[in-house]
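Please find one structure pasted underneath; my questions will follow.
The values are calculated or read from the model by the stated rules, or taken from the named source; none is laboratory data. Because the structure is a prediction, the values reported are computed rather than measured. Cβ placement follows ideal geometry from the backbone for every residue including glycine, while neighbour counts extend to all protein chains displayed.
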């Protein structure tokens, strides 16, 4: 009989010890430092899993010889009054790390040839789609990415003067194939964005057309239903 009491006492003590340990764990979780740590972890997870819409307004640079490939190639021709490349783009994340969107770029320049005293006003309007991948998971304050962009440039050519200084009416000569043409474009790019809240400064390097480098404003807007995203 004594053994039964001893066994019952030991079992009671074990239950009491287990309950006491669980109570201590509960108090530890409620400690302010642990609560802050859990909140920080939750915020990090949120930003890792969050998807965004992006709006960008940028100025870029591209040599006019790349934007406006000349066809007649006379000696001494040169481009003047070339504007920056004006770029506007929108995009959205369709997975945590993949982004797609569209962009519009515009540039103007004048092509002048010393031989034949020619001069043409040229414009370029490029529309493109892109696919990029975010490299870092936590994009709260810093984001960098790599991707590919393909599209078409609509080029216009307005001759100011003709190639021939003749009293007769010479044929109109175009620096391009005609008054307008389409040109297929492609580009590999790498970009970085530094954010303060949801407004950031973006720098992007491109290999191809319509720009070699651009920089400017980037705005991101959070999408609803982030908890359901994969």
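Taking the conditions exactly as written (surrounded by 21 or more Cβ atoms within 10 Å (Cβ to Cβ), within 14 Å of residue 206 (Cα to Cα), in the same structural domain as residue 206 (by TED's automatic domain parsing) and touching a residue at least 40 places away in the same chain (Cβ under 8 Å)), does residue 149 satisfy them or not?
Numbers: surrounded by 21 or more Cβ atoms within 10 Å (Cβ to Cβ): yes; within 14 Å of residue 206 (Cα to Cα): yes; in the same structural domain as residue 206 (by TED's automatic domain parsing): yes; touching a residue at least 40 places away in the same chain (Cβ under 8 Å): yes.
Yes, satisfied.
What number of residues within the range 125-142 are modelled with pLDDT under 95, surrounded by 19 or more Cβ atoms within 10 Å (Cβ to Cβ) and within 20 Å of residue 213 (Cβ to Cβ)?
Qualifying residue count, the range 125-142: 0.
Continuing with this model, one more query. When you look at residue 123, is it within 16 Å of residue 204 (Cβ to Cβ) and out of contact with any helix residue (DSSP H, G or I) (no Cβ under 7 Å at 6 or more places or on another chain), yes or no?
Here the answer is no, as residue 123 does not meet what is asked.
Within the range 108-119, is there a residue that is under 19 Å from residue 184 (Cα atoms), modelled with pLDDT of 95 or more and assigned by TED's automatic domain parsing to the domain that holds residue 65? Spell out how you get there, then give the answer.
Taking the range 108-119 and keeping what is under 19 Å from residue 184 (Cα atoms), we get 108.
Now narrow it down to the ones that are modelled with pLDDT of 95 or more: 108.
Those still in the list that are assigned by TED's automatic domain parsing to the domain that holds residue 65 too: 108.
Within the range 108-119 (the criterion being under 19 Å from residue 184 (Cα atoms), modelled with pLDDT of 95 or more and assigned by TED's automatic domain parsing to the domain that holds residue 65), the answer is yes, since at least one residue qualifies.
Still on this structure, I have one more. Among the residues of the range 97-105, is any in the same structural domain as residue 215 (by TED's automatic domain parsing), over 11 Å from the mean Cα position of the chain (by Cα), within 30 Å of residue 222 (Cβ to Cβ) and outside any strand (DSSP E or B)?
Yes; the residues of the range 97-105 include at least one that is in the same structural domain as residue 215 (by TED's automatic domain parsing), over 11 Å from the mean Cα position of the chain (by Cα), within 30 Å of residue 222 (Cβ to Cβ) and outside any strand (DSSP E or B).
Also, I was wondering about something else. Mind checking whether some residue in the range 180-187 is modelled with pLDDT under 95, over 20 Å from residue 211 (Cβ atoms), surrounded by 10 or more Cβ atoms within 10 Å (Cβ to Cβ) and under 33 Å from the mean Cα position of the chain (by Cα)?
Checked against the condition, which is being modelled with pLDDT under 95, over 20 Å from residue 211 (Cβ atoms), surrounded by 10 or more Cβ atoms within 10 Å (Cβ to Cβ) and under 33 Å from the mean Cα position of the chain (by Cα), the range 180-187 yields at least one hit.
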